[in-house]
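Peer 1: Let me give you the structure first, and then I'll get to my questions.
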Amino acid sequence: MIDRLRGTLALKDGDGVVVDVGGVGYRVAMTARGIAELPGVGREIVVHTHLHVREDQMALFGFDTADERDLFGTLLGASGVGPRLALSILATLAPAALQHAVLAEDAAALTAVPGIGKKTAQKLILDLRSRLDLPDATLDPSTPAAEVREALEGLGYQSAEVREAVAGLDEGSVEEMLKAALQRLGGA
């Protein structure tokens, strides 16, 4: 796998860049935002890359940071998301905005991405919620739901499992909510 490239920026265009590394020009697809943040042609750059291999093609996708590249890989793991759609998502939504949209279940934010409709956005939110390590910023630490979350994590459940079990539980005592969450987790 080609993890990153360090070389001279040989070409910038609307779809990506060409990075000259030791006399070999690597074509790297990037978002418009990523291309704009690069220095001028002829300057040395570092691009974090993801090598996507298919039966008929190998393509490099480039990012400013390793975290953005890792998020791209996470998006590729989601059902129905290929490299072009994942790049389009990152071109439309910054990583923090994408995480916020998934956390807030904001399908409208994802429908701003070309090629994603309302149903696809909702499906993507469900798929990404378990794949992304999202903070539970929506839970006020003084609420019963936060107490239930803390109790479930204390029992050894993973963050993604806890988020799903606590979702929609906002009425009743801590004991009632904990019982309901445990039933969800147990499949009863």
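Peer 1: Rank these for me by crowding, Ile2, Ile116, going from fewest to most other beta carbons within 10 Å. Mind dumping the intermediate values first?
Peer 2: Numbers: Ile2 13, Ile116 21.
By the 10 Å Cβ count, ascending, the order reads Ile2, Ile116.
Peer 1: Applying 1/(1 + (r/R0)^6) with R0 = 25 Å to the Cβ-Cβ distance of Met1 and Ala104, what FRET efficiency is obtained, to the nearest 0.05?
Peer 2: Once the sixth-power term is evaluated, E becomes 0.15.
Peer 1: To the nearest 10 degrees, how steeply does helix 66-77 sit against the main Cα axis of the chain, on a 0 to 90 scale?
Peer 2: So the helix axis and the longest Cα principal axis differ by about 70 degrees.
Peer 1: Can you tell me the 0 to 90 degree angle between the C-alpha axis of helix 144-154 and the longest principal axis of the chain, rounded to 10?
Peer 2: The helix 144-154 is inclined about 70 degrees to the chain.
Peer 1: Please compute the length gained on full extension between Gln57 and Gln158, using 0.36 nm multiplied by the number of residues separating them and subtracting their Cα-Cα distance. Display every interim value, and only then the final one.
Peer 2: On the way: separation 101, 0.36 × 101 = 36.36 nm, distance 3.74 nm.
Value of the extension gain: 32.6 nm.
Peer 1: Expressed in nm to one decimal, what extension gain is obtained for the pair Leu76 and Lys118 from 0.36 nm per residue of sequence separation less their Cα-Cα distance?
Peer 2: Difference between extended and current length: 13.2 nm.
Peer 1: Continuing with this model, one more query. Rounding to the nearest 10 and keeping the result within 0 to 90°, find how far the Cα-based axis of helix 118-131 lies from the longest principal axis of the chain.
Peer 2: 80
Peer 1: In the neighborhood of Val41, defined by Cβ-to-Cβ distances under 12 Å, what is the net charge if each Lys or Arg adds +1 and each Asp or Glu adds -1? Don't skip to the end; give the middle numbers.
Peer 2: On the way: positive: Lys12, Arg43; negative: Asp13, Asp20, Glu44.
With Lys, Arg at +1 and Asp, Glu at -1, the neighbours total -1.
Peer 1: Ok, one more. Let me have the relative contact order for the chain, percent, based on Cα pairs under 8 Å that are six or more residues apart.
Peer 2: On the way: 248 pairs, mean separation 23.0, N = 188.
Relative contact order, the chain: 12 percent.
Peer 1: Which parts of segment 88-114 would a label at Arg33 reach, counting a residue when its backbone N lies under 16 Å from a point 7 Å out along Cα-to-Cβ?
Peer 2: 88-103, 109-114
Peer 1: Report the gain in length on full extension from Asp67 to Ala94: 0.36 nm times residue separation, minus Cα-Cα distance, nm rounded to one decimal.
Peer 2: Extending this stretch completely gives an extra 8.6 nm.
All of the numbers you see were taken from the coordinates with simple rules; none came from a lab. What you see is a predicted model, and the numbers here were worked out from it, not measured in a lab. Cβ: placed from backbone, ideal geometry, glycine included. Neighbour counts: every protein chain shown.
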